[in-house]
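Student: Got a structure for you, written out below as structure tokens; questions coming shortly.
Just so it is clear, none of the values below were taken in a lab; they were calculated from the coordinates. Model, not experiment: these values are computed from the prediction. Quick reminder, even Gly has a Cβ in these numbers, built from the backbone with ideal geometry, and neighbours come from all protein chains shown.
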Amino acid sequence: MQSKINIMTAGHVDHGKTTLVQAITGNKISTHSEELKRGITIKLGYSDCVFYKDGEKYNSKTGEEVMRVSFLDAPGHETLMATVIAASSIVDGAILVIAANEKCPQPQTAEHLAVIEAAEIKQLIIVQNKIDLVDEKQAGQNYEEIKNFLKGTSYENALIIPVSANLGLNINYLIQAIVENFKPVKKDEGEAVFYVARSFDVNKPRTKIDEIKGAVLGGSVVKGVLKVGDEIEILPGVAMKKKDKEYYQPLETKIVEIEAGKEKVDEAKPGGLIGISTLLDPSISKSDSLVGCVVGRKGTLSRPINEVKMILKPIKRSLISFPPFTSQEPIVLGIGTATTLGFIKSQKKSEFILELKKPVCVFPNQKISIMRRAQNRWHLYATAVSK
């Protein structure tokens, strides 16, 4: 059975997001080799989980089933903010993880909250993690810092739950809070749209030719329904080169299998993360090469574009000062699960036209995240709406 809700974990690097998801779900999700070496999340991790109620207590192992959830673990490192923006496009709620043993807010704590608010994610729970590393007085001081940090935001009345992800303390109370406070966000009806958040070659070395599985796409349906047997297109497709010039080749294939959690299903609806198996050559999808693509039935998707017109709405900040825009200034755009570089072609007040480094599928009135470079790194600057 498919999960009904997507929840993103966000927060500063090393505050315990991945450990928290593991404590909740029992699944280890940092499996990328570079992540294991560096001890940080680089790519989006995701894990499905079933919540149960056993008597008066909630858990993820036994009892009466009450909710199926998909978790996305977003990276906290500042250089990976574009991945967080991508994750925000397919979630219903978020958990912001804040370590009790560090002053609040840390740089990415503030940045991630800005992303969550800009994406208009209304359901948020704050997890005060690592309470096992502080005494009662320090925990109280950190709690007050968190409350002050949330003042003036959309989340000043958000639940704050103290936990120790390493020791599993209060995880049952966190699960109860998720069950009681998080609900699936109603999605638009119409032709199916699926955002690709990961892509894989699932075949192991020395797999027999007749046992090789096609390209697998991981992500979420944000509108409509996809079914096994559907003829689909993947846009903008795969990057190709011809005479040193890069272009994108749209892909057409068929859905041969849909997996939700570890179960095979006949169709996928909005809510939860799913995997789609196709007939495509698996080499096309290895190493997340199709992340940012949009999937739909043949002929139903907006064509990829190389130029986008949009209306910008800057995000209010107190610590970062941005200079005026300049012609051809590079800007990072988050559109669905796609991240691309754009260059300012023209500007008239808040209306911008940007040339894109790589084509993307943009729907009418779609929300776009805008990052600009300041103080030697990229920062979330604004949201925009496509025209």
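Student: With 5 Å bins from zero, work out the P(r) of segment 241-360 over every alpha carbon pair and list the percent per bin.
Tutor: That works out to 2, 7, 14, 17, 17, 12, 10, 9, 7, 3, 0, in percent per bin.
Student: Specify whether the C-alpha gyration tensor of segment 85-197 places it in the rounded, prolate or oblate class, a ≥ b ≥ c being the square roots of the eigenvalues: rounded for a/c under 1.5, otherwise prolate if a/b is larger than b/c and oblate if not.
Tutor: It is prolate, given that a/c is not under 1.5 and a/b is the larger ratio.
Student: Along the Cα→Cβ direction, 7 angstrom out, place labels at D135 and K316. What is the inter-label distance in nm?
Tutor: 3.9 nm
Student: Additional query: Take every Cα-Cα pair in the chain and report what % of them are more than 28 Å apart.
Tutor: Considering the chain, 47 percent of its Cα-Cα pairs are separated by more than 28 Å.
Student: Under a 10 Å cutoff between Cα atoms, tell me which one of I24, I178, I344 has the largest fluctuation in the Gaussian network model of the chain.
Tutor: I344
Student: When the dipole is taken about the Cα centre of the chain, and only Lys, Arg (+1) and Asp, Glu (-1) are charged at their Cβ, what size is it in debye, to the nearest 20?
Tutor: Details: 52 positive and 45 negative charges, 237 e Å.
Roughly 1140 debye, rounded to the nearest 20.
Student: Roughly how far apart, in whole Å, are the Cα centres of segment 232-305 and segment 311-387?
Tutor: Going from one Cα centre to the other spans 26 Å.
Student: If you rank E180, E56 by fewest surrounding Cβ atoms within 10 Å, what's the result?
Tutor: Details: E180 12, E56 7.
Fewest to most other Cβ atoms nearby, the residues stand as E56, E180.
Student: Same structure, new question: For K254, give me every one of the aspartates and glutamates with a C-alpha distance below 17 angstrom, ignoring sequence neighbours fewer than eight places off in its own chain.
Tutor: E191, D201, D230, E231, E233, D266, E267, D281
Student: If you don't mind, another one. With 25 Å as the limit, write out which pairs from K204/K264; K316/K367; K57/K137; K147/K269; K122/K358 have Cα-Cα distances beyond it, or answer none.
Tutor: Values: K204/K264 20 Å; K316/K367 17 Å; K57/K137 28 Å; K147/K269 37 Å; K122/K358 31 Å.
Violating the 25 Å limit, Cα to Cα: K57/K137; K147/K269; K122/K358.
Student: Rounded to the nearest 5, what is the percent of antiparallel bridges among the DSSP beta bridges in the chain?
Tutor: Values: 84 of 105 bridges.
Roughly 80 percent of the DSSP beta bridges within the chain come out antiparallel.
Student: Hey, if you put +1 on the Cβ of every Lys and Arg and -1 on every Asp and Glu Cβ in segment 193-297, which of Q249, G218, A260 ends up farthest toward the positive end of that dipole?
Tutor: In segment 193-297, that residue is Q249.
Student: Right, here's the next one. Once you have a ≥ b ≥ c as the square roots of the Cα gyration tensor eigenvalues for segment 222-275, tell me rounded if a/c is under 1.5, and otherwise prolate or oblate according to whether a/b is larger than b/c.
Tutor: Working: a/c = 2.82, a/b = 2.60, b/c = 1.08.
Because a/c hits 1.5 or more and a/b exceeds b/c, segment 222-275 counts as prolate.
Student: Right, here's the next one. Measuring from label point to label point, each 7 Å out along Cα→Cβ, what is the K286 to F363 span in nm?
Tutor: 3.3 nm
Student: So, one more: If you take the Cα atoms of segment 305-386, find Rg, then find the Kirkwood Rh from the mean of 1/r over all pairs, what is Rg/Rh?
Tutor: 0.93
Student: Work through the residues other than K186 whose Cβ is under 14 Å from its Cβ and net out their charges, Lys, Arg +1 and Asp, Glu -1.
Tutor: Net charge around K186: +2.
Student: Let me know the volume per residue of the alpha-carbon convex hull for segment 193-297, in Å³.
Tutor: Dividing the Cα hull volume of segment 193-297 by its residues yields 107 Å³.
Student: Quick one: if you stick a label point 7 Å off each Cα along the C-beta vector at K345 and V385, how many nm between them?
Tutor: Distance between the two pseudo-spin positions: 2.2 nm.
Student: Within a 10 angstrom radius of the beta carbon, how do V69, V308 rank from fewest other beta carbons to most?
Tutor: Fewest to most other Cβ atoms nearby, the residues stand as V308, V69.
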